[in-house]
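Participant: Let me begin by handing over the structure; questions about it come next.
Just so it is clear, none of the values below were taken in a lab; they were calculated from the coordinates. What you see is a predicted model, and the numbers here were worked out from it, not measured in a lab. In this analysis, Cβ positions are derived from the backbone assuming ideal geometry, glycine residues included, and neighbour counts consider all displayed protein chains.
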Amino acid sequence: MEPCQVDPTDARVLERNYDYAQKNARLLSMWYECELERMIELLAENDVELSANDERLFGTYYRSVQQRSRV
């Protein structure tokens with residue numbers, strides 16, 4: 001039996017990993033080895049709801065990315 005491939009940018013996987021990172025975008029970006037800005041973009045593009053703290057810090061950028069991705 002071969003191990004299954006998991007796409008870390010899949011919305012469900014991303015949301016679960018965000019939960020594992022205690023809903024901390026900075027920590028999740030370190031796990032994914034990507035820039036924080038890119039992590040916020042991934043969360044926004046996949047409609048993963050930000051924690052209250054991340055919303056306070058990155059909410060404006062998050063919402064702008066969501067608006068662009070819906071156009």
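Participant: So for the chain, taking the charge dipole from beta-carbon charges (+1 Lys/Arg, -1 Asp/Glu), which of Ser51, Trp31, Tyr18 sits furthest toward the positive end?
Facilitator: Of the candidates, Ser51 comes out farthest on the positive side.
Participant: Before anything else, pin down the relative contact order of segment 11-70: Cα pairs under 8 Å, at least 6 apart, normalised by residue count, whole percent. Numbers along the way, then the final one.
Facilitator: Values: 45 pairs, mean separation 19.0, N = 60.
It rounds to 32 percent for segment 11-70.
Participant: What does the charge dipole of segment 11-70 about its Cα centre add up to, to the nearest 20 debye, if the Cβ of each Lys and Arg holds +1 and the Cβ of each Asp and Glu holds -1?
Facilitator: Roughly 100 debye for segment 11-70.
Participant: Determine by what factor the alpha-carbon radius of gyration of segment 30-71 differs from 2.2 N^0.38 Å, reporting the quotient.
Facilitator: That ratio works out to 1.09.
Participant: How long is the chain along each principal axis, judged by its Cα atoms, biggest number first, in Å?
Facilitator: Between the extreme Cα coordinates on each principal axis of the chain lie 45, 28, 18 Å.
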